[in-house]
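Okay, structure first, notes after.
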Amino acid sequence: MAPAVQILSQCLLVTFLVGGMLAAGLAITPRAILAPLRDLRLVATALVLNFVAAPALSWLLAEGLALQRPHAIGLMLLGGAPGAPFLPMLAAKARGDATAAVALMALLLLGTTLFLPLALPWLLPGSEADAWSIAQPLLTLIMAPMVLGIFFKSSAPNLAAQCQPIAAKLGHLSLGALFGLLVALNFRGLLSVLGSGALGAAALFVGGLFAIGYGLGGPRREIKAVLGLSCAARNVAVAQGVAANSYRDPEITLMIVVCTVVILVLLSLAARWLRGRPHP
């Protein structure tokens, strides 16, 4: 990748993370974030699905489909990395419970910081990922902008209401540009994995997690939507960072890009489907 293109992709990623998380914080208060977390059933279901079912499914698909080892590693990294920063955007598109989406995202981000360094040596022997390499981007690019937005919302609600749509639009535009850039840069690589089972594994992984989460989401459509999306939307930034720091294998990175494309396409379609479903 040319240095200029690499800088552009990094700028788009940072803009998306900071803009999206700032917009999420500007739209919510601390009390509103804590309210969904008082639902013990929702919290327990989300934790079990994201930190037990998702890693297990990634391992079963890697073994059952006999994926090449780099592709298996990429899939399993995503299996252990929930808390996608674009979850609030998807939830809003699906007309899900936006407050629950932000609360679950924050909970899963904290869980990922604790879970991934402990689970990786067991899931993937030889991994050298350390806690700080995982926690640093979560704290600086995701948690910090969201906390800043929440503080701003509490101290200047009128101004926050004016700034929130701008930050949200910035996040949406940068995500779209980043997605297009990833596809363009990795187009040949994406074509090369068509016969390897990697694309099918990614689709089964994302689709399976969405179906399980949606099915176990309870009677409320808004919560079912959020739980399904939160299970299937993996934190590709964290997985990419671990792959770059611990493995430096371009095939692992390519698998994560494949999964990123599948996640964004399938969950955008799922969000559109959810948006059209009537309230019970």
Matching helices (runs of 4 or more DSSP H) fully within the range 187-280 where at least 1 residues are surrounded by fewer than 18 Cβ atoms within 10 Å (Cβ to Cβ) and hydrophobic (A, V, I, L, M, F, W, C): 187-192, 198-215, 236-246, 250-276
Exactly one of 241, 207, 213, 228 is at pLDDT 95 or above and touching a Ser or Thr at 6+ places or on another chain (Cβ under 8 Å), and that residue is 213
Only residues in the range 183-208 that are under 17 Å from residue 250 (Cβ atoms) count as the first member; pair them with residues that are of a type in the set (S, T, N, Q) and not in a helix (DSSP H, G or I), Cβ under 7 angstrom, at least 6 apart or cross-chain, and list the lot. 196/68
Quick check: anything in the range 167-176 part of a helix (DSSP H, G or I), closer than 21 Å to residue 103 by Cβ and more than 21 Å from the chain's Cα centre (by Cα)? no
Here are the criteria: (1) modelled with pLDDT of 85 or more; (2) loosely packed, with under 15 Cβ neighbours inside 10 Å; (3) hydrophobic (A, V, I, L, M, F, W, C). Tell me which single one residue 7 does not satisfy. (1)
Determine whether residue 43 is among the β-branched types (Val, Ile, Thr), surrounded by fewer than 20 Cβ atoms within 10 Å (Cβ to Cβ) and out of contact with any strand residue (DSSP E or B) (no Cβ under 9 Å at 6 or more places or on another chain). yes
I need the full set of residues from the range 27-79 which are aliphatic (A, V, I, L, M), touching a Lys or Arg at 6+ places or on another chain (Cβ under 8 Å) and modelled with pLDDT under 90, in order please. 27, 28
Quick check on the range 87-110: of everything there that is out of contact with any helix residue (DSSP H, G or I) (no Cβ under 6 Å at 6 or more places or on another chain) and under 17 Å from residue 147 (Cβ atoms), which residue is surrounded by the fewest Cβ atoms within 10 Å (Cβ to Cβ)? 110
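The values are calculated or read from the model by the stated rules, or taken from the named source; none is laboratory data. Keep in mind the model is a prediction, meaning the values are calculated, not measured. Reconstructed Cβ throughout: ideal geometry from the backbone, glycine too, with neighbour counts over all protein chains shown.
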